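Enquirer: Starting off with a structure, shown below.
The values are calculated or read from the model by the stated rules, or taken from the named source; none is laboratory data. Please read these numbers as outputs of a predicted model, since none were measured by experiment. With ideal geometry, Cβ positions are generated from the backbone for all residues, glycine too; neighbour counts draw on all protein chains shown. Just the protein is used for accessible areas: all its heavy atoms, side chains included, with ligands, DNA and RNA removed. Shrake-Rupley method; radii C 1.70, N 1.55, O 1.52, S 1.80 Å.
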Amino acid sequence: MEAVQELFLQAVRASLENKKTDWETELETEQWLALFQMAEIHNVLPLIYDAVYSCPAARKTEGDFFTPVKRRTLQMVMMQTQKTSEFLRLYEKLKEAGVRPCVVKGIICRNIYPNPDYRISGDEDILIPAEQFPLCHETMLSCGMTLSEPEMDINEAYEVPYGKMGSPIYIELHKSLFPPDSQAYGDLNRFFEGVTERLMEVQVQGSQLCTMEHTDHLFYLICHAFKHFLHSGFGLRQVCDIVLYANTYGDQIDWERIVENCREIRAERFTAALFKIGEKYLCFDADKACYPAVWRELDVDESAMLSDLLDSGVYGGANMSRKHSSNITLNAVSAQKQGKKAGNHVLKTVFPSAKALEGRFPYLKEHPYLLPVAWSSRLIHYQKELQQTSGNDAAESIRIGNQRIELMKQYGIIE
């Protein structure tokens with residue numbers, strides 16, 4: 001592990017424990033820059049800055065080096081505070097209209113951080129029964145929300161995104177938690193059937209929010225990290241969410257059900273490695289969380305996963321090469337789900353099936369014979385990305401994809 005990565009983990013842990021780092025040794029300017037760059041990539045800059053700005057090493061730094069970082073941190077926190085306030089007002093409007101919104105991730109996770117608005121959320125996720133979508137959609141529009149993708153077929157989509165003119169609020173409205181047509185992980189929805197019938201309430205800043213009961217929610221956080229792991233990675237922030245959730249609600253969680261579910265989706269070693277990272281480098285307390293003995297005793301090496309998630313950034317978005325590598329890994333997982341031997345992942349990445357491209361090219365649903373046209377469109381778009389975006393290299397995508405396939409084999413996700 002690189003020195004800056006070690007510092008990054010120390011700072012994140014200090015923040016989760018509501019402490020400050022005690023670094024004495026002076027850091028080079030390049031090290032501070034690398035630390036804050038990593039914080040940006042993982043979308044945890046406020047957590048990092050709050051933990052390090054007053055340590056002895058920071059006080060030894062000359063000039064106003066920390067001023068732009070402080071300014072950026074304050075901007076992020078203020079914007080998050082605004083988004084939280086607007087979301088709570090919108091939530092009340094939805095309830096008044098008769099919608100039964102179930103809030104997941106985001107604000108629920110922020111609520112268990114020492115400083116909630118230091119944990120930045122890009123959006124808020126709401127799950128509703130599918131039959132309530134028309135009412136929810138009309139209520140969202142009446143509150144000034146607009147469709148972020150106006151061309152989307154909102155009746156067919158499992159997830160509909162909304163924004164608001166002049167506001168940073170962004171909502172993803174779910175009819176199901178995972179895309180049902182995903183060959184790689186669409187079947188995860190079966191674990192959450194009837195979830196909106198077994199909700200609980202959590203108080204956030206004076207508002208009572210409906211959310212999933214604790215076993216469902218923790219398993220969903222694991223599944224959400226697992227989903228992104230199958231794509232291009234999930235970053236450290238999701239580990240923080242899971243660790244804090246387990247620490248806070250562990251004695252109310254049916255761990256036996258979570259273990260069985262993880263075994264069923266071939267995520268047992270993945271999850272055990274995730275919690276091992278939390279215990280060794282963050283603030284996971286296995287005893288406080290009532291963590292199951294079967295995972296404590298599981299011999300799993302977490303180092304490869306830690307290296308991958310540190311490189312990935314939040315949701316695997318560190319660079320475009322890594323993002324594009326997800327096509328290779330998803331093809332490998334999909335092949336196994338269908339009982340097929342994984343073939344040429346690179347070829348399938350360049351020339352995917354009509355079914356795999358329907359979301360991006362809706363015309364393929366009724367006209368699958370136009371698949372070559374869709375292939376051409378993708379290649380042209382990808383070529384433009386290569387020209388316009390740094391960190392976007394086809395050969396590097398292939399290298400990362402193949403490397404991550406080996407990683408999935410190591411954790412028993414694929415054979």
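Enquirer: Name the residue that is nearest to ASP117 (Cα to Cα), counting only residues in segment 5-32 that are of a type in the set (A, V, I, L, M) and at pLDDT 95 or above.
Expert: Filtering segment 5-32 down to residues of a type in the set (A, V, I, L, M) leaves 7, 9, 11-12, 14, 16, 27.
So of that shortlist, the ones also at pLDDT 95 or above come out as 7, 9, 11-12, 14, 16.
On the way: LEU7: 22, LEU9: 20, ALA11: 17, VAL12: 15, ALA14: 16, LEU16: 13 Å.
Across segment 5-32, the extreme among qualifying residues is LEU16.
Enquirer: If you take the residues in segment 172-188 that are among the aliphatic types (A, V, I, L, M) and in a loop (DSSP other than H, G, I, E, B), which one is nearest to ILE265 (Cα to Cα)? Outline the logic, then answer.
Expert: If we filter segment 172-188 for residues that are among the aliphatic types (A, V, I, L, M), which is where we start, we get 173, 177, 184, 188.
Still in the list and also in a loop (DSSP other than H, G, I, E, B): 177, 184.
Details: LEU177: 16, ALA184: 11 Å.
Only one residue tops the list, namely ALA184.
Enquirer: Please go through segment 225-240 and pick out each residue that is within 10 Å of the chain's Cα centre (by Cα) and on the phi < 0 side of the Ramachandran plot. Even if it seems obvious, please write down each step before you answer.
Expert: Just the residues of segment 225-240 that are within 10 Å of the chain's Cα centre (by Cα), to begin with: 225-229, 233-239.
Across segment 225-240, the qualifying residues are ALA225, PHE226, LYS227, HIS228, PHE229, PHE234, LEU236, ARG237, GLN238, VAL239.
Enquirer: Got a number for residues in segment 285-310 being in contact with a Lys or Arg (Cβ under 8 Å, 6 or more places away or on another chain) and surrounded by 18 or more Cβ atoms within 10 Å (Cβ to Cβ)? Please lay out each step first, then the result.
Expert: Of all residues in segment 285-310, those in contact with a Lys or Arg (Cβ under 8 Å, 6 or more places away or on another chain) come to 286, 298, 300, 302, 308.
Subsequent filtering for residues that are surrounded by 18 or more Cβ atoms within 10 Å (Cβ to Cβ) retains 286, 300, 302, 308.
Of the residues in segment 285-310, 4 are in contact with a Lys or Arg (Cβ under 8 Å, 6 or more places away or on another chain) and surrounded by 18 or more Cβ atoms within 10 Å (Cβ to Cβ).
Enquirer: Might you let me know whether segment 112-124 holds any residue that is open to solvent by less than 10 Å² (accessible area, probe 1.4 Å) and hydrophobic (A, V, I, L, M, F, W, C)?
Expert: Within segment 112-124, none of the residues are open to solvent by less than 10 Å² (accessible area, probe 1.4 Å) and hydrophobic (A, V, I, L, M, F, W, C).
Enquirer: Which number in (1) within 18 Å of PHE8 (Cβ to Cβ); (2) in contact (Cβ under 8 Å) with a residue 12 or more places away in the chain marks the one condition that MET79 misses?
Expert: (1)
Enquirer: Within segment 7-37, can you find the residues that are in contact (Cβ under 8 Å) with a residue 40 or more places away in the chain and hydrophobic (A, V, I, L, M, F, W, C)?
Expert: Correct list: PHE8, LEU9, ALA11, VAL12, LEU16.
Enquirer: Let me ask something else about it. Considering only residues that are within 26 Å of GLU96 (Cβ to Cβ) and either in a loop (DSSP other than H, G, I, E, B) or of a type in the set (D, E, K, R) (or both), which ones fall in segment 138-149?
Expert: In the first step, residues of segment 138-149 are kept if they are within 26 Å of GLU96 (Cβ to Cβ); the result is 138-148.
Residues satisfying the conditions are GLU138, CYS143, GLY144, SER148.
Enquirer: Of all residues in segment 157-173, which are under 15 Å from ILE128 (Cα atoms) and touching a residue at least 60 places away in the same chain (Cβ under 8 Å)?
Expert: Restricting attention to segment 157-173, the residues satisfying the condition of being under 15 Å from ILE128 (Cα atoms) are 157-162, 171-173.
Of everything in segment 157-173, just one residue is under 15 Å from ILE128 (Cα atoms) and touching a residue at least 60 places away in the same chain (Cβ under 8 Å), namely ILE171.
Enquirer: Also: I'd like the residue in segment 311-323 that is out of contact with any Asp or Glu (no Cβ under 8 Å at 6 or more places or on another chain) and not in a loop (DSSP other than H, G, I, E, B) and, out of all such residues, is most open to solvent (accessible area, probe 1.4 Å). Quick ask: steps written out before the conclusion?
Expert: Step one: filter segment 311-323 for residues out of contact with any Asp or Glu (no Cβ under 8 Å at 6 or more places or on another chain), giving 311-317, 319, 323.
Checking which are not in a loop (DSSP other than H, G, I, E, B) leaves us with 311-312, 314-316, 323.
On the way: ASP311: 81, SER312: 0, VAL314: 35, TYR315: 79, GLY316: 0, LYS323: 97 Å².
Result: LYS323.
Residues are listed down the side, and each one gets a yes or a no for (1) touching a Pro at 6+ places or on another chain (Cβ under 8 Å); (2) of a type in the set (S, T, N, Q):
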{"site": "LEU135", "(1), (2)": "no, no"}
{"site": "SER142", "(1), (2)": "no, yes"}
{"site": "PRO150", "(1), (2)": "no, no"}
{"site": "GLY166", "(1), (2)": "no, no"}
{"site": "GLY186", "(1), (2)": "yes, no"}
{"site": "ASN189", "(1), (2)": "yes, yes"}
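Enquirer: So which of PHE87, PHE65 is assigned to a helix (DSSP H, G or I) and aromatic (Phe, Trp, Tyr)?
Expert: Numbers: PHE65 fails: assigned to a helix (DSSP H, G or I).
Matching residue, one of PHE87, PHE65: PHE87.
Enquirer: Here's something else I'd like to know. Mind listing whichever residues of segment 136-178 are open to solvent by 50 Å² or more (accessible area, probe 1.4 Å), touching a Lys or Arg at 6+ places or on another chain (Cβ under 9 Å) and over 28 Å from LYS227 (Cα atoms)?
Expert: SER142, the sole residue that qualifies.
Enquirer: Does THR29 satisfy the criteria of being among the polar types (S, T, N, Q) and farther than 19 Å from CYS283 by Cβ?
Expert: When the stated conditions are applied, THR29 passes them.
Enquirer: Every residue in segment 202-226 that is modelled with pLDDT under 95 and either closer than 24 Å to ASP308 by Cα or assigned to a loop (DSSP other than H, G, I, E, B) (or both), please.
Expert: GLN205, GLY206
Enquirer: Looking at (1) touching a residue at least 24 places away in the same chain (Cβ under 8 Å); (2) open to solvent by 30 Å² or more (accessible area, probe 1.4 Å); (3) assigned to a helix (DSSP H, G or I), find the lone condition where CYS262 falls short.
Expert: So the condition that CYS262 fails would be (2).
Enquirer: Right, something else. Being farther than 30 Å from PHE361 by Cβ and modelled with pLDDT of 95 or more narrows it down to one residue among ARG119, ARG100; which is it? Show your work before the answer.
Expert: Details: ARG100 fails: modelled with pLDDT of 95 or more.
Answer to the check: ARG119.
Enquirer: Would you please list the contacts, defined by Cβ atoms under 9 Å and residues six or more apart or on different chains, that run from a residue in segment 58-75 that is acidic (Asp, Glu) to a residue that is assigned to a helix (DSSP H, G or I) and open to solvent by less than 30 Å² (accessible area, probe 1.4 Å)?
Expert: Qualifying pairs under 9 Å: none.
Enquirer: Kindly provide the set of residues from segment 1-46 that are among the small types (Gly, Ala, Ser) and closer than 23 Å to GLY106 by Cα, ordered by number. Break it down stepwise before answering.
Expert: Within segment 1-46, the subset among the small types (Gly, Ala, Ser) is 3, 11, 14-15, 34, 39.
Those that are among the small types (Gly, Ala, Ser) and closer than 23 Å to GLY106 by Cα: ALA11, ALA14, SER15, ALA39.
Enquirer: Please tell me if ARG269 is open to solvent by 10 Å² or more (accessible area, probe 1.4 Å), closer than 21 Å to ASP187 by Cβ and in a helix (DSSP H, G or I).
Expert: On the way: open to solvent by 10 Å² or more (accessible area, probe 1.4 Å): yes; closer than 21 Å to ASP187 by Cβ: yes; in a helix (DSSP H, G or I): yes.
Yes, satisfied.
Enquirer: Would you check which residues across segment 3-20 are under 14 Å from TYR281 (Cβ atoms) and not in a helix (DSSP H, G or I) and list them?
Expert: If the condition is that a residue be under 14 Å from TYR281 (Cβ atoms) and not in a helix (DSSP H, G or I), then GLU17 is the only one that fits.
Enquirer: Continuing with this model, one more query. If you scan segment 91-111, which residues turn out to be part of a helix (DSSP H, G or I) and open to solvent by less than 10 Å² (accessible area, probe 1.4 Å)? Steps first, answer last, please.
Expert: At the first step, the residues of segment 91-111 found to be part of a helix (DSSP H, G or I) are 91-96, 106-110.
TYR91, LEU94, GLY106, ILE107, ILE108, CYS109, ARG110, listed by residue number.
Enquirer: In segment 244-293, what count of residues is obtained for those that are closer than 22 Å to GLN410 by Cβ and among the hydrophobic types (A, V, I, L, M, F, W, C)?
Expert: Here the count works out to 13.
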